[in-house]
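The values are calculated or read from the model by the stated rules, or taken from the named source; none is laboratory data. The shown structure was predicted, so the numbers you read here are calculated from the model rather than taken from an experiment. In this analysis, Cβ positions are derived from the backbone assuming ideal geometry, glycine residues included, and neighbour counts consider all displayed protein chains.
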Amino acid sequence: MEELFQVVRSDIEASVKAFKENDFENMNIFANRSMANAILGEDKKLILPGFFMKELAAVFGTLEARRGREQPAFSTAKTMGVDYVNLLSKLLSKKDFEESELWHNFHELNVKLRKFVMITFEEQTYQEDTRFTRHAFEWLINYLEKKKQTLLNPRNLLLKGILNEMDRIFRAHGGMLLDTCALSLIRALDRYYDYCRIAYGKTDGTLDEDRITSIIFPYIERIRNLFSSPTETQASIVSETLWGLVKGWREFFIEYMELPRPKIEIERGVELPEEAKRKIAESVTKTLEKEIGVRKTRVEK
């Protein structure tokens with residue numbers, strides 16, 4: 001549907017403008033809006049621009065918090081980001097854009113940006129080793145398959161633990177396009193699962209095991225099958241899987257709105273000073289106020 005494509009394109013353009021102004025809060029909101037609109041149609045590749053912009057909003061939001069002490073690094077990274085979003089805008093000028101090109105460009109930017117999210121000791125020590133990353137990601141996805149029953153425990157953090165390992169390995173050693181695709185799908189699965197825990201939680205504190213098993217487990221199997229082969233996975237298959245996960249997540253958002261943010265400690269690419277942490281906390285509060293209508297009557301995310 002031409003109208004839907006134009007709406008999604010407008011969402012992305014708004015997100016791009018926010019990015020160029022260092023407004024990563026609104027950049028994230030517009031990216032979410034793009035994905036929410038994309039699920040109204042059947043063109044699964046339309047989910048990609050919003051997903052990629054949301055990921056960049058998180059990365060540059062962290063880098064922006066460090067810019068007081070690392071201004072040159074932020075400026076260099078921002079230049080790379082601007083080049084990427086300009087290219088994304090150009091690709092979205094036509095409805096029949098090539099999704100494999102979107103994946104490739106997003107991956108290339110991730111590889112370039114990884115050195116900017118490293119701490120000094122990592123940057124001085126680690127070398128790119130994509131073979132190790134490929135091996136590690138295969139191991140982690142197989143581990144997720146083997147331990148998937150853990151997801152029936154309402155206290156588990158299995159998917160976040162897998163993401164934590166993938167993030168730090170990619171940051172330290174880089175990766176191939178296949179690894180960027182795998183990391184993206186696990187991240188989307190984690191967002192979807194967070195809502196499943198709320199939707200299918202019982203009054204006694206347990207989870208509806210049948211619902212979790214029937215909804216989440218098939219995605220784990222599909223992801224394992226996609227990335228257990230040493231050959232490159234087709235972009236269309238990855239995009240289709242991502243679309244299903246994002247669709248489920250956005251539909252749950254309509255029902256439950258914003259979820260409480262879990263208080264967990266995970267390994268980060270940077271160590272933030274207290275002032276930066278305070279600013280991030282304030283930004284999160286403002287974002288929530290915008291998204292769930294604490295101070296406004298209109299609710300939107």
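Can you name every residue in segment 201-257 that is under 19 Å from residue 181 (Cβ atoms), free of Cβ contacts under 8 Å to residues at least 12 places away in the same chain and in a helix (DSSP H, G or I)?
218, 225, 237
From the set of residues in segment 60-110 that are of a type in the set (A, V, I, L, M, F, W, C) and outside any helix (DSSP H, G or I), which is farthest from residue 25 (Cα to Cα)? Spell out how you get there, then give the answer.
Keep residues of segment 60-110 that are of a type in the set (A, V, I, L, M, F, W, C), which gives 60, 63, 65, 73-74, 77, 80, 82, 85, 87-88, 91-92, 97, 102-103, 106, 109.
Filter once more, so that each one left must be outside any helix (DSSP H, G or I): 92, 97.
Working: 92: 22, 97: 27 Å.
Across segment 60-110, the extreme among qualifying residues is 97.
Can you report the number of residues in segment 135-175 which are aliphatic (A, V, I, L, M), out of contact with any strand residue (DSSP E or B) (no Cβ under 8 Å at 6 or more places or on another chain) and surrounded by fewer than 17 Cβ atoms within 10 Å (Cβ to Cβ)?
Total satisfying the criteria: 1.
Looking only at segment 24-56, how many residues end up being touching a residue at least 40 places away in the same chain (Cβ under 8 Å), assigned to a helix (DSSP H, G or I) and not polar (S, T, N, Q)?
19
Could you please let me know if residue 62 is of a type in the set (S, T, N, Q) and at pLDDT 95 or above? Before you say what the answer is, go through the steps one by one.
Working: of a type in the set (S, T, N, Q): yes; at pLDDT 95 or above: no.
Considered against the rule, which asks whether it is of a type in the set (S, T, N, Q) and at pLDDT 95 or above, residue 62 comes out as no.
Give segment 57-85 a look and list any residue that's polar (S, T, N, Q) and in contact (Cβ under 8 Å) with a residue 40 or more places away in the chain, or say none.
Within segment 57-85, 62, 76 meet the criteria.
May I ask you to list the residues in segment 92-134 that are in contact (Cβ under 8 Å) with a residue 60 or more places away in the chain, charged (D, E, K, R) and out of contact with any helix residue (DSSP H, G or I) (no Cβ under 9 Å at 6 or more places or on another chain)?
none
Taking the options 198, 264, 216, 220, name whichever one is β-branched (Val, Ile, Thr), within 22 Å of residue 155 (Cα to Cα), at pLDDT below 65 and out of contact with any strand residue (DSSP E or B) (no Cβ under 8 Å at 6 or more places or on another chain).
Numbers: 198 fails: at pLDDT below 65; 216 fails: at pLDDT below 65; 220 fails: at pLDDT below 65.
From the options 198, 264, 216, 220, the qualifying one is 264.
Taking the stated definitions as given, is residue 52 surrounded by 20 or more Cβ atoms within 10 Å (Cβ to Cβ) and outside the structural domain of residue 180 (by TED's automatic domain parsing)?
Numbers: surrounded by 20 or more Cβ atoms within 10 Å (Cβ to Cβ): yes; outside the structural domain of residue 180 (by TED's automatic domain parsing): yes.
So residue 52 passes the test.
Out of curiosity, is residue 140 closer than 21 Å to residue 224 by Cα and in contact (Cβ under 8 Å) with a residue 60 or more places away in the chain? Quick ask: steps written out before the conclusion?
Working: closer than 21 Å to residue 224 by Cα: yes; in contact (Cβ under 8 Å) with a residue 60 or more places away in the chain: no.
So residue 140 fails the test.
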